[in-house]
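In what follows, a structure is listed as structure tokens, so that the remarks can point back to it.
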Amino acid sequence: MYNPKLSLITFVLLLFFIIIDITNSLPEITYQETEPDLSALQGDSFTDGSLILRFVKQSQLDNCYEPTLLLRLVKPDGTVEKLDLNDIPQDNFCRVVSLTTPFQRKNNDNNGGEIDDSNNGISNSRRDNNNNGNNGSSNNEGNGTPSGGEVPGNADLADVQRGTPGEVTPGEPASVPVIPPTNVLLDNIAIYALSKKYILLTYYCNLPTSNELCSRIVDFNGVTKNITTFDNFNGSCTNNKITKSPYDDGGFLYTCYKQDTASIKWITYSAPSIIDGTITENYSGEIGNITRYDLTNIFPTEDRGYSIVTGYIQVILQPQLAVTANFITNDGQFKGSYMIYSQPIVEVNALKILSIPRCNIAYQYYGYSCVLYIETNERTFINVDFTSKGAILNSQMFSVSQLNNINNQLYDVRNLYMGGEVFVITTPDNNIYGFAYSNDGIYNRTWALPDEYTYTRKIYGINHDNTVWAIADTSNNVVDTNQWTIVYSDALTTYSTVQGNTGYGSSSILSTMPERNATITLDLNQITIEYVMSDIEPSTGYITISQKNPDEEGDDFIRIKIPAKSSLIGTANSVMIYDSVVIVILEDYIFDRGNATYIIEIDDDFVEVNGQNLIGGSWEVSTVPGSVKNDPDDARASILLTPDGTRKYLGNKNNRKTYVNDLSNEISNALAVEKGRIFIPCDRYQYKRGAQEVQILLRVDIKNTKTPNQPSTTALRNSLDNAILSKGTSALPIGPRTEDLDSTYGAPKNPNLWLDVVLDTLVLAVHGRDLTWFFICSLVFFLVPILFNIMILWLLINYQLNSSKVIKNWLKNHPNLALVFTLLSYIYLETLKVIISKCVSYNELNAKISKKGRKRILMTIIIITFIEDVPRLIIYALYQRYTVITTILPILALSSSFVILLFKIILFIYLMFVHKPHNVLENALEKIDDSSNDPNNLERGEGDVSNSEATIIGRQDGGVTELGNIGESSGTYIDDSDNKIAATKKEITEGELLSGNISGNKSQANKRTTEEQITEEETIKEREEIIATTTTTNYTEKKRGEF
């Protein structure tokens, strides 16, 4: 049965619990300190929402804190880490310092205090410019810089009470209070959340004798990475400030105001290196005609540059407020001054406050916005929108209704990151409240910090997503003084004044392809962006594609950053612009894994119109499940270490394994792949040829995977190549090892190959420097065998010339051929085999080397094999084992070495164990050669040769092995009766026919008659037949005897 009362009660209870749930959903972090009586003093926020807070403890001196820097790092997940430093000069912890030199104590910007004129915390985000103050005080800008101090000869603006009229004199500071007011509780130390993982501290180096300002870069472990002393220009600085860039890679600006010259000296510094935290000075310059430093506002611009806006009172017919803008570009150029506002001041004597409390990037449209504040009998705000060329886009005067109550005071003005401003107002109870207004002065909502807390410390900030944070004073249920609490409000995260916002956070972007939250395929290779305005041109920024970190902790994984000004238009990773459309051409494998979320982000200085950058934006896309078809095999690449990285690797042999393991892990983390897919052997490296300094190559093995949605080996190798080539603008480097990678080399693919003198020479010439030992070893085992060949050949020729006149005659008759083969034999002793080969019965290749000579050649070849071929095979095998890049020449050399050695081993085995030479024939040949040495013996018939040792000669078709052409070349025969060899003619036995020249020389032939020649030929033929018949008979009888 329906009960109306019960239903009403149920509804009320449900509504109550919903309200309670909404209230409890607001994040709140409470931390219990171990040390009592700590007070929060300063605060700043990082781009990821992390906070750095500074706490102090009162010392026994009334105006000083205990000399320990107490820092607390608050991470987005709510964890708190202590970072305490004890080496800051002690005098910096005092609020009042007596100085022996005339300079002004700084007003520490961005920092909170416990009274009404205390300053507030700062907020920095991707595009935060909250570090900017006016009138010499810093609202997030001059954290810890001596700005707003007393100018010599003028009143200290911080000491003038609010609401006291001041006299405005052209060229002189007005006696009016600053906004936000200076915190008298601040000392001389300031903190900045400068960039990812690094904090910037500023303090005076040598108080109280010097006004030199020092900076210190500290990492999240409390380790000091860099100390810099800023130039104080010979002590002439009366005010100096630090203005940090809202971009992690933007760095910061140091400015020094010189009262004597009415100028500002400026120096830009890089962001801390993500590897070692060091900073470098980039550019410097000076801006003159700054007559009213108290009307100066310095803020960062979207191109990682800075702007200095300054106002002054000029008198023409009547006093007039004039405001000019100057610009420092990211490459150190100075532009300006541009007049951006001019307004007569009617009641000069009624002027109470004149300031420029806020200047920032105009997120609602494009260009920049400055808020001017003039307080006379009325409180008036003027919003001025302008461009980097000084063009005025809009000027709007308005009032803030919450200041209609004269008891409320303007404390600060903060910009929001989707357009609009937050006006921070103090009430009589010293609490603060924030109210969001559009740039046109239309009120929207409050910042809605929880009312159960008070915020009299005034330490607060606004993150890049418009989340507001603040340190609360106390709560009704908190009695422990050792606790402190941070509260958050997301009331402004949905607030936007962006004109024509299509969901990209930019008024300039009309549409994109792929669209926001689209699901894409892995082969997507083009992105299209359509802008509202036409005639757009490329600027200095990038479009970045990152894979979202699935753990939602830590940085996203940058896949690629493509500059708007691409060098090769139309190629992969380039940008093309057509009127209002931008087309980004991508190479394959950018979206390399399935079921993943990718972020496409356009820099605020990616494109421009008429010289003014257009605000960028970002959106997310998701890939379909699966992955690019995996390759069947692993992939292999090579990477090059820088000279410094090479020294680290080679310097300690025992740490090489640790080095490559760390390098593999860093690459795996950067590419977001599972551990083990990237493997770098610790003992495989080679030297890069042609490098000016010593650099080594390492091999990278990329393993295949069966894990779903993971990139293929080819995609992974391609991602590694792009990451190294784009090092500094990609996911690399992320650590000290990836910092050692040479970005000019990338990670090219290696051929995955498996496995003579000319090859050796080519390998030495081309690859000799790949390994330090390779060239030396190869050269040694290349030259030593050659020297050994020369010695052996010289001894062999000596022996043959002294023991055989046949060789003498052969050398005499064929000098050119002998010279060629002698030279070749120096390199390759086996060449001697050619001159004794009798190839195609070519007499010139029929040198009569003795049996002993042939044995010596054989033994020398065996020795050469062990001192040349075997070591060469080992050297080339080791080269393949330790080198990184596999090339064809070493492979061919290794293959040829293996084949040659194999053939030689087979030949040696055959000659030693299989081949059985005919001893009778061999001995006969030797004796014939020996008897041929003495022509007298041949003529007298004293050259004894037994029948069984007769040599078969002169047979062309006899079927018996032919060992020598004895018939024609020597003119000898074997007698049937006594088996004696005799020479038929003296002139024949004296050398002509022994050398194979039957007819002799021309002079002898002319003396012979035709009949003598015929008779001689017939005699020779008959003797050949007798020799053949006798040899065959003796050979047959011997065989029968064996049977």
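Modelled this way, with points 7 Å down the Cα-to-C-beta line, the labels at ASP683 and TYR31 are 5.0 nm from one another.
A full extension of the chain between ILE227 and ASN289 corresponds to an added length of 19.1 nm, given 0.36 nm per residue minus the alpha carbon distance. As a rough guide to protection, the peptides 706-716, 27-37 ranked by mean Cβ packing within 10 Å, highest first, stand as 706-716, 27-37.
For the range 333-389, the share of accessible area belonging to carbon and sulfur comes to 45 percent (1.4 Å probe, ligands and nucleic acids excluded). Derived scalar couplings between HN and Hα for the range 421-431 equal 9, 10, 9, 9, 10, 9, 9, x, 7, 6, 7 Hz in order, rounded to whole Hz, by the Karplus curve 6.51 cos²θ - 1.76 cosθ + 1.60 (θ = phi - 60°), x for Gly and Pro. For the range 245-346, the solvent-accessible area of protein heavy atoms averages 35 Å² per residue (probe radius 1.4 Å; ligands and nucleic acids excluded).
R0 = 25 Å: FRET efficiency of ASP219 with ASN665, Cβ-based, nearest 0.05? FRET efficiency, ASP219 to ASN665: 0.80. In the P(r) worked out for the range 332-396, what percent of Cα pairs fall beyond 17 Å? In whole percent, the long-distance tail amounts to 46.
Per residue, the range 634-693 exposes 47 Å² of accessible surface when a 1.4 Å probe is rolled over the protein heavy atoms with every protein chain present. For the range 362-479, the square roots a ≥ b ≥ c of the C-alpha gyration tensor eigenvalues yield an a/c of 1.5 or more together with a/b not exceeding b/c, which makes the shape oblate. What is the calculated FRET efficiency for LEU901 to THR521, with r their C-beta to C-beta distance and R₀ = 56 Å, to the nearest 0.05? Here the calculated transfer efficiency is 0.55. For the peptides 343-356, 222-235, the ranking by mean Cβ contacts within 10 Å, running from highest to lowest, is 343-356, 222-235. Direction-averaged projected area, Cα convex hull, the range 507-589: 6.3 nm², rounded to one decimal. Modelled this way, with points 7 Å down the Cα-to-C-beta line, the labels at VAL315 and LYS389 are 3.7 nm from one another.
Of the peptides 585-593, 295-303, the ranking by mean beta-carbon count within 10 Å, highest at the top, reads 295-303, 585-593. Computed from the Cβ-Cβ distance with R0 of 25 Å, the FRET efficiency linking ASN430 to ASP490 stands at 0.45. With both labels modelled 7 Å from their Cα along Cα-to-Cβ, the ASN798 to ASN813 distance reads 2.8 nm. Surface analysis of the range 481-601 yields an accessible area of 45 Å² per residue, using protein heavy atoms and a 1.4 Å probe.
In this structure, the pairs whose alpha-carbon distance is over 28 Å, taken from LYS197/LYS706; LYS241/LYS565; LYS808/LYS851, are LYS197/LYS706; LYS241/LYS565. In terms of distances greater than 28 angstrom between alpha carbons, the cross-link table entries LYS75/LYS225; LYS75/LYS458; LYS648/LYS688; LYS225/LYS749; LYS653/LYS675 yield LYS225/LYS749.
The values are calculated or read from the model by the stated rules, or taken from the named source; none is laboratory data. Predicted, not measured: the structure shown is a model, and the values here were computed from it. Reconstructed Cβ throughout: ideal geometry from the backbone, glycine too, with neighbour counts over all protein chains shown. Calculation scope for accessible area: heavy atoms of the full protein, side chains included, ligands and nucleic acids excluded. Shrake-Rupley method; radii C 1.70, N 1.55, O 1.52, S 1.80 Å.
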